[in-house]
1. From Leu348, Leu310, which residue is under 25 Å from Ala40 (Cβ atoms), at pLDDT 95 or above and crowded, with 19+ Cβ neighbours inside 10 Å?
2. Before we move on, is Ala304 among the small types (Gly, Ala, Ser), touching an Asp or Glu at 6+ places or on another chain (Cβ under 6 Å) and either assigned to a helix (DSSP H, G or I) or closer than 27 Å to Val37 by Cα (or both)?
3. With Leu406, Leu410, Leu365, Leu400 as the choices, which residue is in contact with a Gly (Cβ under 9 Å, 6 or more places away or on another chain), aliphatic (A, V, I, L, M) and at pLDDT below 90?
4. Does any residue of segment 146-156 turn out to be in the same structural domain as Ala66 (by TED's automatic domain parsing) and closer than 14 Å to Ala40 by Cα?
5. For a quick check of your reading: which helices (runs of 4 or more DSSP H) sit entirely within segment 16-128 and have at least 1 residues that are more than 24 Å from Ala184 (Cβ to Cβ), of a type outside the set (Ser, Thr, Tyr) and in contact with a helix residue (DSSP H, G or I) (Cβ under 6 Å, 6 or more places away or on another chain)?
6. Please report, ordered by residue number, the helices (runs of 4 or more DSSP H) entirely within segment 322-381 with at least 2 residues that are within 18 Å of Ala449 (Cβ to Cβ).
7. Report the residue count in segment 151-185 for those that are of a type in the set (A, V, I, L, M), in contact (Cβ under 8 Å) with a residue 24 or more places away in the chain and surrounded by fewer than 18 Cβ atoms within 10 Å (Cβ to Cβ).
8. State which residue pairs qualify: first residue more than 15 Å from Ala382 (Cβ to Cβ) and assigned by TED's automatic domain parsing to the domain that holds Ala448 and inside segment 269-282, second residue assigned to a helix (DSSP H, G or I) and basic (Lys, Arg) in any location, beta carbons under 7 Å apart, and separation of 6 or more residues or different chains.
Amino acid sequence: MTGVGARRATGPVRPPAVLTVVVLVAFVTTLDNTIVVSAAPSIGRELGMSLSALQWVSIAYMLPYAGLLLLSGAVLDRMGMRALLAGFVVFAAGALLGGVSRNPELLIVARVVQGIAAAFIVPGTLSLLRTSLPQRLRAAGAAAWTAALAAALAVGPWLGGALAEYVHWSWIFFSNLPFVLVAAVLILPAMGERGARSTAPVRFGAALTATCGLVLLTAAFVGAGPSDGGTGTAVGLAVAGVLVLLAFAAVEQRSDRPLVPGRLLTNRVFTGANTVLLLWGLGISGIVFFTPLLHQDFLGMSPAEAGLPLVLVAAAVICATPFVPAANRNWGPHRTVFAGLGTVALGLLALAAVNDIHAIETRVLGFVLIGAGSAFTTPLTAHALDLIEDRDAGVASGVLTASRELSSALGVAVIGLVVTTVRARELAGGAPAGSALAGGYTAGLLTAAVLQACGAVLALRVLAPKRELARKNAETSEVSEVEET
């Protein structure tokens with residue numbers, strides 16, 4: 001953000017209130033991604049949703065969140081705290097609607113509403129770190145944000161399952177309301193602040209076009225499953241999605257104020273980092289979504305128990321993170337991210353190797369490796385932003401955040417396509433339902449491992465310092481000359 005509050009370091013919202021809002025928003029918006037996965041089987045059984053339809057409970061939140069992030073910064077610059085407060089109100093309305101939903105269509109609409117709101121309240125809250133905190137407290141604010149994210153990642157899968165088992169799945173949505181209410185009340189003192197406002201045009205049409213294209217592409221993956229619309233429908237959706245995105249790209253190229261400046265798109269490290277981030281999310285998000293379902297339908301675990309193993313992933317991330325700065329200094333970001341993604345791939349392969357065993361203990365190593373490896377991918381974002389001009393820092397942050405959310409949505413769809421296709425083939429061959437799901441899950445794990453390996457190789461190439469790339473190219477050239485001789 002550049003408009004609201006850029007003129008001073010502190011505002012009418014007191015520092016303790018700002019820190020509280022930061023923690024609440026980081027926790028609840030991340031929780032909305034993780035809390036659903038363990039409750040999804042319960043939701044599917046009660047509402048009669050197929051495995052493909054169930055994926056939309058997560059995707060419907062992630063896609064609008066990702067697609068509107070670039071637009072939300074301009075709206076927040078223009079409207080300030082009013083846009084942030086409106087975001088809280090809309091998020092609460094979506095949570096309430098999700099809690100009272102008793103049919104799939106209404107539930108998915110509720111998730112879309114929450115995703116739209118999250119696209120505004122997350123960057124709006126992060127802007128408070130700069131506009132409403134003194135310099136000495138900004139590091140504490142960033143640390144509080146990170147800690148809240150980690151807490152949501154750790155408790156979300158278990159909490160969703162526990163609420164579904166002991167209360168009702170609707171409470172995974174109702175539980176959002178106290179957090180959002182407190183956050184909204186705490187920022188009310190800032191409503192009277194007028195400050196400088198941006199006069200730049202807000203390009204709603206461009207953002208909505210991009211989001212529409214992404215929805216169509218995602219629907220193509222989900223609809224390609226054997227129990228859905230079939231290949232013809234999926235191809236039609238994919239073609240429509242590509243055409244919409246091409247139209248968006250053509251308009252952006254001619255625009256005086258594109259959502260993403262062309263200089264960012266031609267930056268090798270920045271585009272490479274986004275691609276690596278996309279590959280990581282494509283593999284991991286789908287596996288996270290289907291893991292509790294496998295634990296319930298194949299291992300016979302309860303909803304509360306099914307999410308507990310995913311806590312190991314979050315715990316491994318937290319435990320490995322303190323070692324990342326030293327690795328980054330000694331190895332460089334390219335080797336650190338390479339090692340991280342390689343470790344994630346090993347963890348996925350470890351899970352695939354024991355997936356036919358009816359015991360959760362055999363899966364512990366795989367979950368720990370996935371979490372520890374993911375921690376070592378964190379230099380990806382920082383390194384990409386370090387090489388960006390100050391004037392593009394806000395947009396670049398938004399693009400990276402959008403890539404992460406987009407990869408999560410597409411990951412559920414892509415891995416879901418693999419899981420449902422193999423599962424259908426196994427069922428057709430006479431396999432029991434649980435075993436058929438396990439076969440699909442194994443195929444999903446192998447697909448995710450390949451995606452991580454591709455990301456690791458790409459990271460080693462695109463994140464390498466230019467000096468090292470020049471040296472490698474020179475060595476390659478020398479080898480070629482020797483071979484020719």
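1. Result: Leu348 is the single residue among Leu348, Leu310 that is under 25 Å from Ala40 (Cβ atoms), at pLDDT 95 or above and crowded, with 19+ Cβ neighbours inside 10 Å.
2. yes
3. Result: Leu406 is the single residue among Leu406, Leu410, Leu365, Leu400 that is in contact with a Gly (Cβ under 9 Å, 6 or more places away or on another chain), aliphatic (A, V, I, L, M) and at pLDDT below 90.
4. yes
5. 51-67, 69-79
6. It comes to 333-354, 364-375.
7. 4
8. Once the first residue is more than 15 Å from Ala382 (Cβ to Cβ) and assigned by TED's automatic domain parsing to the domain that holds Ala448 and sits in segment 269-282, its partners that are assigned to a helix (DSSP H, G or I) and basic (Lys, Arg) give Gly281/Arg404.
The values are calculated or read from the model by the stated rules, or taken from the named source; none is laboratory data. Computed from a predicted model, the values in this text were never measured in an experiment. Reconstructed Cβ throughout: ideal geometry from the backbone, glycine too, with neighbour counts over all protein chains shown.
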